Amino acid sequence: MDSPDRKIPFSVPFIAGREMDNLAEVMRNGQFAGNGPFTQEVQSFIEGKFGITKVLLTHSCTAALEMSALLLDAGPGDEIILPSYTFCSTASAFARTGARLVFCDVDPRTMMVDVDDMAARITPRTKALVPIHYGGLSCDVDRIAQLAKDKGVTLVEDAAQGFDAFWNDKALGSFGRLGCISFHETKNLHAGLCGALYINDEDPEFQERAIRVWERGTNRQAVLRGVVDRYTWTDLGSSFYPSELQAAFLWAQLEAMTANKAERQRLHQRYEAGLRPLADAGAFHMPKLPQGLDSNYHACFLVFNSFQDCERVRLELKAKNIAAYIGYVPLHTSPMGLALGNRAGALPKTEEYAPRVLRLPFHNHMAPDDVDRVTGYIRALFA
Ligand SMILES: Cc1ncc(COP(=O)(O)O)c(C=O)c1O
């Protein structure tokens, strides 16, 4: 039954249709623990489609970030430069191996790293730059990659939200030495929980080490390939890969990725049509998709002129049974960020703009009418 107060959730996990068939196939195959035929199929598919040297499926993007910290040997004495405006996993993955987090400020036009600020924070101790790609946009990845090259530091892309998005025809996650992807149920394509590590490094020993770290820090995969006789503990690793059940589920989703993206593009265009005139009139900022970006249409977010405006819209939508979601709470002023020695006032743009971000409901189960309801209420508020 349609009604103006029908609930519009912020996010509804995508269902492609063939997930159960693939799960039944895992039952027939009898291999459940992971790195079986579905895992290998998904990895080779992503490598081929996006031109990635080596893909390892992980149980989350968090796991891919944690693998990155281990593979870079990021430890005490090393500094990692990352935005404060991100999800906590970007930070915790490197903090837990003992590296020092150096937060940088955002560019409020995109809510992604301000590259000048990132550059100014590079020191001889900097080990890696870890920018994120946010909400279906790409960070200024060409400039950041060049910066990393000039300064001799490693680029790790947190592309949790960037699967199947491209900058100048190159997949997000393929610019850095490592790229980290999320297939969490809140992402366009998912397996409940899942992720991937993109390894864009041709060095076979680096890739072999990544496989050992992925396989609980053992050379078990080399044993399975018949390269060595018996397996042993070789590296500091963990249990980083997903089960075959997740890989099988994900494979069904990937088969539907073209239709999924086309549908999201239609929703995004509808949001654009409903809100761009207000944005042009200065009611709020709505980031434009720049030329050169092939977005995955992960999200639609607005940056308001004040926190009060942002809250007014969020609460009005909530009263109409529509869930809109706040942006990231800056990590440097979070309880953990403060405990690590950061302080409020250090990143003025992040602190000013993060509370003004509102993410509108966006998922494949939304009808065009749902988008019109959301944009209609927002237009009414600014009339
Ligand atoms: C920028 C960013 N990095 C990392 C993550 C963590 O991803 P996962 O839930 O797959 O561990 C998220 C989650 O949304 C994210 O937004």
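Only the coordinates and a few stated rules stand behind these numbers; no lab work does. Model, not experiment: these values are computed from the prediction. Neighbour counts are summed over all protein chains in view; Cβ atoms, including those assigned to glycine, are modelled from backbone coordinates with ideal geometry.
Just a few scattered comments:
- Think of region 138-203 as having a plus end and a minus end, set by charges on the Cβ of Lys, Arg, Asp and Glu; of V153, W167, L178, V153 sits farthest toward the positive end of this dipole.
- Estimated inter-spin distance, E41 and E185, nm [label 7 Å along Cα→Cβ]: 2.3 nm
- Once the GluC sites (Glu not before Pro) in DSSP loops with at most 15 neighbouring Cβ atoms within 10 Å are cut out of the chain, the longest remaining piece is 1-184.
- Largest GNM mean-square fluctuation among T39, T350, T123, using the chain with Cα springs under 10 Å: T123.
- Comparing L129, L197, L236 in a Gaussian network model of the chain where C-alpha atoms under 10 Å apart are linked, the largest mean-square fluctuation is found at L236.
- Extension reserve of the R109-R276 stretch, reckoned as 0.36 nm per residue once the Cα distance is removed: 58.6 nm
- Derived scalar couplings between HN and Hα for region 306-320 equal 7, 4, 4, 4, 4, 5, 4, 5, 4, 6, 5, 5, 4, 5, 9 Hz in order, rounded to whole Hz, by the Karplus curve 6.51 cos²θ - 1.76 cosθ + 1.60 (θ = phi - 60°), x for Gly and Pro.
- From its DSSP helices (H runs of at least four residues, each -39,500 (n - 2.57)), the chain gives a residue-normalised ellipticity at 222 nm of -12000 deg cm²/dmol.
- Euclidean distance between Cα centres, region 1-46 to region 300-362, Å: 31 Å
- A dipole drawn for region 249-383 from +1 and -1 charges on Cβ atoms has a positive end, and of V371, N260, M286 the residue lying farthest that way is M286.
- Rounded to the nearest 20 debye, the dipole size of the chain about its Cα centre is 560 debye, using +1 on the Cβ of Lys and Arg and -1 on the Cβ of Asp and Glu.
- Rounded to the nearest 5, the antiparallel percentage of DSSP beta bridges internal to region 19-255 is 50%.
- Build a GNM of the chain with springs between Cα atoms under 10 Å apart, and of D78, D150, D21 the one that fluctuates most is D150.
- Between the helical axis of 244-255 and the longest alpha-carbon principal axis of the chain there is an angle of about 50 degrees.
- Look at the dipole of region 41-89 built from charges on Cβ: of I46, Y85, M67, the Cα furthest out on the positive end belongs to I46.
- Stretching the chain fully between L224 and R28 yields a gain of 68.4 nm (0.36 nm per residue, less the alpha carbon separation).
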